[in-house]
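**Q** Once you've had a glance at the structure underneath, I'll fire off some questions.
The values are calculated or read from the model by the stated rules, or taken from the named source; none is laboratory data. Just so it is clear, the model here is predicted, and its values are computed rather than measured. Glycine gets a Cβ as well: all are built from the backbone with ideal geometry, and neighbour counts include every protein chain shown.
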Amino acid sequence: MAAEPLLEVSNLVKHFPIKEGLLIEREVARVEAVDDVSFSVQPGETLGLVGESGCGKSTLCRTILQLLAPTSGSVRFEGREIAGLSHRRLRPLRREMQMIFQDPYASLNPRKRVGQIVGDPLKLQGIASGAELRAQVQELLERVGLSSEHYNRYPHEFSGGQRQRIGIARALALRPKLIVADEPVSALDVSIQAQIINLLDDLQDEFGLTYIFVAHDLGVVRHVSDRIAVMYLGKVVENAPADRLYSHPVHPYTAALLSAVPIPDPRENRARHQTVLEGDVPSPIDPPSACRFHTRCPRATEICSSEEPELKTHGPDGHLAACHHPLEEASRPEVAGSASA
Amino acid sequence: MSARPESGAPAGSATISDGNLLNVADLSVRFATEDGLLKAVDGVSFDVGSSEILAIVGESGSGKSVTAQTIMGLTRSPNAQIEGSIRFRDKELTGLRDAELQDVRGKEIAMVFQDPMTSLNPVYRVGRQIVEAIRSHSEVPAEEAREKAIEMLAAVGIPAPESRVDNFPHEFSGGMRQRAMIAMGLALEPSLLIADEPSTALDVTIQAQIIRLIQRLNQERGLAVILITHDLGVVAEIADRVLVMYAGKAVEQGTLDEIFYDPQHPYTWGLLGSLTRLDRPRPRRLPQIKGLPPSLLAPPTGCSFRPRCPHAFGRCTEPPSLEARLSEAPQHMDRCWKSPDEKRELRNVEGRIGLRSEA
Amino acid sequence: MGPFIARRLVRMVLVLFAVSILVFLIFNVLPGGGTDAAARRIAGKNATPQLIANVRKDFGFDESLPQQYLTMMKQIFSGSLVSYQSQLNVMDQIKQGIPATFSLCIGAAIIWMAFGVLFGYLSAVHAGRLTDRGLTILALAGISLPVFWLASILIVYLSQKIPIFPNGDFVPFQDDPWQWLVHLILPWTTLAVLFVGFYSRVLRSNMLDVMDEDYVRAARAKGLGEHQVRTRHVLRNALIPIVTLFGLDFAAVIGGGAIITELIFNLNGVGQYAAQSIGNQDLPPIMAVTLFGAFFVVLFNTLVDVAYAYLDPRIRLGTSAELA
């Protein structure tokens, strides 16, 4: 893939300082939410971002979109550096990048009508107004599976899945190139999740969208992603094409994540051996030294606590992992019963 | 009070429940609301044997949580109408006065809720909340109750329980809070634990830990469990029997293997079909169930799944009864008029079990 | 905890400094105020310009404003501040008023907290039913009745027409405890009624919110009796915001804010002194009473924060960390 990436993130860092002091507050510690993250996303591709609570994936999304100012590092959108740009310069760029949020109950203003919610971006950017605006909004509503008569309703009149559709319509309104979806289906029922995912799939083809899809459900991520990046405590520990990640995980954390997912098949479950990770995720305020996973890793040795592993190639198609003891072909634990390609 | 665990039989083997711990018969719960009468639970019956794990599966609005809470009497209120029978060890719970019900709660039947972040009072120390549970049922001295609390925290795998017993809830992580909730539930050694989506709000690795814990408690202490969840993966891990609920009704129930390998109801096919499986190649398009769950204020006439079912036919306007329709499996019941042969054929979608988008 | 207290002390000094500057400037800027008017008033009706000039010299009115400010501050801290109007020592006057103000405010506070919490609790527990509706009406009435009207009505009906209670005045506790009490009953009632109404509404609302919380349901599921659930879990948590309110309200009244009540009942407390000084445009007492009040506000603000941290262990004093 020699084409120019749509989004290129290099050494992105976002730390939150913790301040204390008598008269003047000084920094005493930092929450290292995102620590030296690099990856790129090709146009039309879907990058899945997987990790558990505290891994920094939500902070990463907001920092990429410049909703939070990066502490350091670079974010290039279509070749242009956007990290640290002023509000004014960012404004036209906001049309190109949009976000879908996790909680369909909290991300829609309950005092505004659906038509307003979806139409405001168009109005703010001066793209349409009046009857033209209304027509565009209604078309969007229909496109996401709602009806144009929902224009005048309020969010509380809709179910969770429908509200998420409204959020998608809002994100699409400006015809962005990149949509960052932060756990868009986690709060929905299983049968509705499938509907929303299929919708996002269709829209990607129709609108030529590029997605960054954040999720903690490994099954969902696998379905929608071309590539997947696994995060742990603010770092990317593995980055691979989707199918390869599931069939040949290299990083022990990835393997543990995969192993922890229950298989909805009683016989397979009985047959497989599951490695259950003990303990909790450490705090991002004072993360473990060197490899952040070493405190819970079944394969950790001396070097893991003294030297931080680099993100290196470990497989074809740009399969990257940061580990001193990557899982080799032969010793890969069974992640799911009888795995077949 | 600890019953002997099952004789090493692995989960999922067809055990017929001895039904001697909890019997729920024809339970109905209706709430009078501003918009009308909401039928949250409609004629649900099931049994739980000692040392058995029953999973109640369904999505939002299925009535699974209301059923669980009604067993404990937590849904009692002026606008709730509760009918039917709930017998726990041959004691009828529905007619009990509040004071008598309080004796049962915590001591014989314990409940663990979904969100560990909010299920513990943030202003009291964890140990104190466990001690409170213990001392509300028996006259043990405070010191002894505290020792028991520490013992329970250790039993659920919390490290350094002697010091953590004095922590506040916000000093625990999500997984640990859930463990603490379970410890609190087990402090009085009940014989039945009702776990309402115990792992849904947790990360996947922590979820695995909690499910493991529940399994261990079931095997080591003979603890019977009613597991409420929408996650069929979790069900497949530890359940013995499964009850599938939809729109307030039980639509299918049977053993674990029966439900997963020989499901009889289209909704069950839909649930199984929309699961993504990590050990199989991914389908081109994720199978989905079209439409939305029905309104509980005005449920559809006839079969409640009819509006979303691609296989609906004439007879579906008549509400199907919950019956065992397979002669070789008298405990496997479902609510669908189609014949077993038709079902076997219809549920096969591209080589796996699922719900077709059109008939 | 140490750094926290230190920080608050620093803040208190800054606040008092800012308040004093403001009061000083306002006095000197308002029409009818300023040193000219003060000099004229001190000199009296038939003052000659010479007399006025002498007065100005005596009181240091000819010095620059910053110099006057510094002089006044020095006098406050050495306790030698003297009123323009009456030549009396301001500090002494305030000290004389403290027993009355404290008796009034502390007594009223106890009453309003007790009844406010009781009514709020009953209202919440019986929400929607007759008790609740009745208490709600009482509460709204309490909030709506203006203090000056209520005080006057109480005096007219319970003191003049039907001589149950005395007409006003303050009797020090040392002199006659029983009379001290009897004289304070009407003032206490007047001051407390407003707050009872307000606090009962707030507590009711908080309790109803807390009753919906998961941990209340979990407490019931443990088998706790309903009464225990209500007191140990619902009430305990619902009271936390009330503590903040109380701290601020109490600080306001004890700092001389119960002016109307003190005036109408002629209690000769700090508030009444403040009212009179304002009427006379007499800067020294105004300055002193304002600083007195500000001191209490800052003090109680701090106490409230400390209490809050004790009551809600999730709150930590001082650090500004925001963790996901």
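**Q** Residue under question is A:Val180, and the condition is that it be buried (at least 23 other Cβ atoms within 10 Å of the Cβ), hydrophobic (A, V, I, L, M, F, W, C) and within 12 Å of chain B (Cβ to nearest Cβ); does it hold?
**A** In short, no.
**Q** Yes or no: A:Pro298 at pLDDT below 90, crowded, with 16+ Cβ neighbours inside 10 Å and either among the hydroxyl-bearing types (Ser, Thr, Tyr) or part of a loop (DSSP other than H, G, I, E, B) (or both)?
**A** no
**Q** For B:Val204, work out the one condition from (1) within 14 Å of chain A (Cβ to nearest Cβ); (2) out of contact with any helix residue (DSSP H, G or I) (no Cβ under 6 Å at 6 or more places or on another chain); (3) without any contact (Cβ under 8 Å) to a residue 12 or more places away in the chain it doesn't fulfil.
**A** Of the numbered conditions (1) within 14 Å of chain A (Cβ to nearest Cβ); (2) out of contact with any helix residue (DSSP H, G or I) (no Cβ under 6 Å at 6 or more places or on another chain); (3) without any contact (Cβ under 8 Å) to a residue 12 or more places away in the chain, the odd one out for B:Val204 is (2).
**Q** Right, next: Sort out which residues of region A:21-46 are within 14 Å of chain C (Cβ to nearest Cβ) and out of contact with any Gly (no Cβ under 6 Å at 6 or more places or on another chain), and write them in order of number.
**A** Matches in region A:21-46: A:Gly21, A:Leu22, A:Leu23, A:Ile24, A:Glu25, A:Arg26, A:Glu27, A:Val28, A:Ala29, A:Arg30, A:Val31.
**Q** Show the residue pairs meeting these rules: Cβ distance below 7 Å; 6+ apart or different chains; first residue within region C:214-240 and within 7 Å of chain B (Cβ to nearest Cβ) and farther than 17 Å from B:Met181 by Cα; second residue among the β-branched types (Val, Ile, Thr) and in a helix (DSSP H, G or I).
**A** Filtered contacts from region C:214-240: C:Asn237/C:Val210.
**Q** Follow-up. Please state which one of B:Tyr261, B:Tyr267 is within 11 Å of chain A (Cβ to nearest Cβ), surrounded by fewer than 23 Cβ atoms within 10 Å (Cβ to Cβ) and at pLDDT 90 or above.
**A** None of the other options fit; the residue is B:Tyr261.
**Q** Next question. Can you find a residue in region B:71-82 that is touching an Asp or Glu at 6+ places or on another chain (Cβ under 9 Å), in contact (Cβ under 8 Å) with a residue 40 or more places away in the chain and of a type outside the set (A, V, I, L, M, F, W, C)?
**A** no
**Q** Next up: Where in region B:41-133 are the strands (runs of 3 or more DSSP E), entirely inside, with at least 3 residues that are within 11 Å of another protein chain (Cβ to nearest Cβ), within 22 Å of C:Val234 (Cβ to Cβ) and modelled with pLDDT under 95?
**A** Filter on region B:41-133 gives B:109-112.
**Q** Might you let me know whether region B:306-321 holds any residue that is over 25 Å from the mean Cα position of the chain (by Cα), of a type in the set (Lys, Arg) and part of a loop (DSSP other than H, G, I, E, B)?
**A** The answer is no, given that none of the residues of region B:306-321 is over 25 Å from the mean Cα position of the chain (by Cα), of a type in the set (Lys, Arg) and part of a loop (DSSP other than H, G, I, E, B).
**Q** Give the residues of region B:160-187 that are at pLDDT 90 or above and in a loop (DSSP other than H, G, I, E, B), sorted by residue number.
**A** Residues satisfying the conditions are B:Val165, B:Asp166, B:Asn167, B:Phe168, B:Ala187.
**Q** I'm checking my understanding of the structure. Among residues of region B:230-277 that are outside any helix (DSSP H, G or I) and more than 17 Å from the chain's Cα centre (by Cα), which one is nearest to B:Pro320 (Cα to Cα)?
**A** B:His265
**Q** While we're looking at this one, here's another question. Filter region B:81-99 down to residues that are among the aliphatic types (A, V, I, L, M) and within 21 Å of the chain's Cα centre (by Cα) and give me whichever is nearest to C:Ala221 (Cα to Cα).
**A** B:Leu93
**Q** Moving on to the next point. Condition (residue is farther than 22 Å from A:Thr295 by Cβ and in a helix (DSSP H, G or I)) applied to region A:248-264: is it met by at least one residue?
**A** Looking for residues that are farther than 22 Å from A:Thr295 by Cβ and in a helix (DSSP H, G or I), one finds none in region A:248-264, hence no.
**Q** On to the next question. Tally time: how many residues in region A:96-108 are over 19 Å from A:Ser148 (Cα atoms) and at pLDDT 90 or above?
**A** 5
**Q** Let me ask something additional. Taking only pairs six or more apart or across chains, which ones have beta-carbon atoms under 6 Å, a first residue in region C:80-91 that is surrounded by 14 or more Cβ atoms within 10 Å (Cβ to Cβ), and a second residue that is acidic (Asp, Glu)?
**A** Close Cβ pairs (under 6 Å, with a partner that is acidic (Asp, Glu)) amount to C:Ser83/C:Asp282; C:Tyr84/C:Asp282; C:Gln85/C:Asp282.
**Q** Another question about this same structure. Any residue in region A:272-298 that's within 14 Å of chain B (Cβ to nearest Cβ) and under 19 Å from A:Cys323 (Cα atoms): show its pairings with residues that are among the acidic types (Asp, Glu) and surrounded by fewer than 17 Cβ atoms within 10 Å (Cβ to Cβ) at Cβ separation under 8 Å, as long as the two are six or more apart or on different chains.
**A** From residues that are within 14 Å of chain B (Cβ to nearest Cβ) and under 19 Å from A:Cys323 (Cα atoms), the pairs are A:Arg296/A:Glu278.
**Q** Among (1) more than 18 Å from the chain's Cα centre (by Cα); (2) basic (Lys, Arg); (3) within 14 Å of chain B (Cβ to nearest Cβ), there is one condition A:Arg95 misses while meeting the rest; what is its number?
**A** Condition not satisfied by A:Arg95: (3).
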